[in-house]
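Structure, as structure tokens:
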Amino acid sequence: MEKYKLNDLPYGYKDLEPYISEEVLRLHHDKHHKAYVDGANTAQEKIEEARKNNADLDFKSVLKTLSFNVAGHILHETFWKVMASANSGKNKPAGKILEAINKEFGSWERFKKEFSETAKSVEGSGWALLTYHKEHGENGALNIVQIEKHNVGLYPEQKILLCLDVWEHAYYLDYKNDRAKFIENWWNIVNWEEVEKRFKN
């Protein structure tokens, strides 16, 4: 099995300030995200070792661990890509993705409210996602999805266009327990060019 790897951020550690601090970004990427990559690779190694030696394995436990860590890795890889400096000029939706948002949700403002409320209402640790289901209806459909942890509640066949991490490690040092303020500020650094590209693809 090919090992998972931690890729570099697509920007500098200070580039998301003042909305996400350098300290939070370093801890989040270099420690938390790395832990999911390491966890996924460790689980894979256990599977490989069991196969090599034709040994028994607690598949329920190992595959649950693998699912949690691989999902955490993939979500974080997407999370880093769908953010950019507030000075980049990419933080306003336009083009095909705005057309799709307006069609599905009625307006950009309604979508933003629904997505924010989804993120705020995650119980404990989790994510809010904007996804696209190509096979749903004649032209596909946009969905807002709430994920618990990294892998509980994810719908099959959903392409992730946008995701927001609301685990406490994503914001606590900057915002303490004010998740709502973090979410409100996060909209300033959404990279809509990346979301548009993911939607077109």
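The values are calculated or read from the model by the stated rules, or taken from the named source; none is laboratory data. Here the structure is a predicted model, which is why all the values come from computation and not from measurement. When we count neighbours, we look across all protein chains shown, and the Cβ atoms used for this are built from the backbone with ideal geometry, even at glycine. Surface areas here come from the heavy atoms of the whole protein model, side chains and all, with no ligands, DNA or RNA. Shrake-Rupley method; radii C 1.70, N 1.55, O 1.52, S 1.80 Å.
Listed here are the residues, each with its yes/no results for (1) in a helix (DSSP H, G or I); (2) at pLDDT 95 or above; (3) touching a His at 6+ places or on another chain (Cβ under 7 Å).
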{"site": "E77", "(1), (2), (3)": "yes, yes, no"}
{"site": "N87", "(1), (2), (3)": "no, no, no"}
{"site": "K103", "(1), (2), (3)": "yes, no, no"}
{"site": "R110", "(1), (2), (3)": "yes, yes, no"}
{"site": "F115", "(1), (2), (3)": "yes, yes, no"}
{"site": "G124", "(1), (2), (3)": "no, no, no"}
{"site": "Y132", "(1), (2), (3)": "no, no, no"}
{"site": "N139", "(1), (2), (3)": "no, no, no"}
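Taking first residues from region 75-92 that are over 15 Å from D15 (Cα atoms) and open to solvent by less than 30 Å² (accessible area, probe 1.4 Å) and partners that are modelled with pLDDT of 90 or more and of a type in the set (D, E, K, R), the Cβ contacts under 8 Å between residues at least 6 apart in sequence or on separate chains come to L75/D165; H76/D165. Annotation: H133 fulfils all but one of (1) touching a strand residue (DSSP E or B) at 6+ places or on another chain (Cβ under 8 Å); (2) crowded, with 18+ Cβ neighbours inside 10 Å; the unmet one is (2). For region 142-164, give me each residue that is in a strand (DSSP E or B) and more than 23 Å from E22 (Cβ to Cβ). Within region 142-164, L142, N143, I144, V145, Q146, I147, E148, V152, K159, I160, L161, L162 meet the criteria.
Checking each residue of region 147-168 against the condition of being more than 17 Å from the chain's Cα centre (by Cα) and over 17 Å from L25 (Cα atoms) gives no match.
Filtered by the rule that a residue be touching an Asp or Glu at 6+ places or on another chain (Cβ under 8 Å), without any contact (Cβ under 8 Å) to a residue 12 or more places away in the chain and either closer than 26 Å to A86 by Cα or assigned to a loop (DSSP other than H, G, I, E, B) (or both), region 1-51 gives a lone residue, K14. Taken together, the residues in region 52-69 that are part of a helix (DSSP H, G or I) and under 30 Å from the mean Cα position of the chain (by Cα) amount to 11.
In region 165-201, which residues are outside any helix (DSSP H, G or I) and either basic (K, R) or within 17 Å of Y11 (Cβ to Cβ) (or both)? Scanning region 165-201 gives D165, K176, V190, N191. A residue that is open to solvent by less than 60 Å² (accessible area, probe 1.4 Å) and under 25 Å from N188 (Cα atoms) occurs nowhere in region 39-57. Taking the conditions (1) under 22 Å from D165 (Cβ atoms); (2) touching a strand residue (DSSP E or B) at 6+ places or on another chain (Cβ under 9 Å); (3) open to solvent by 30 Å² or more (accessible area, probe 1.4 Å) in turn, K64 satisfies each one other than (2). Within region 100-129, residues that are under 22 Å from G72 (Cβ atoms) have Cβ atoms under 6 Å from residues that are polar (S, T, N, Q) and assigned to a helix (DSSP H, G or I) in these pairs: A128/T118, counting only partners at least 6 apart in sequence or on another chain.
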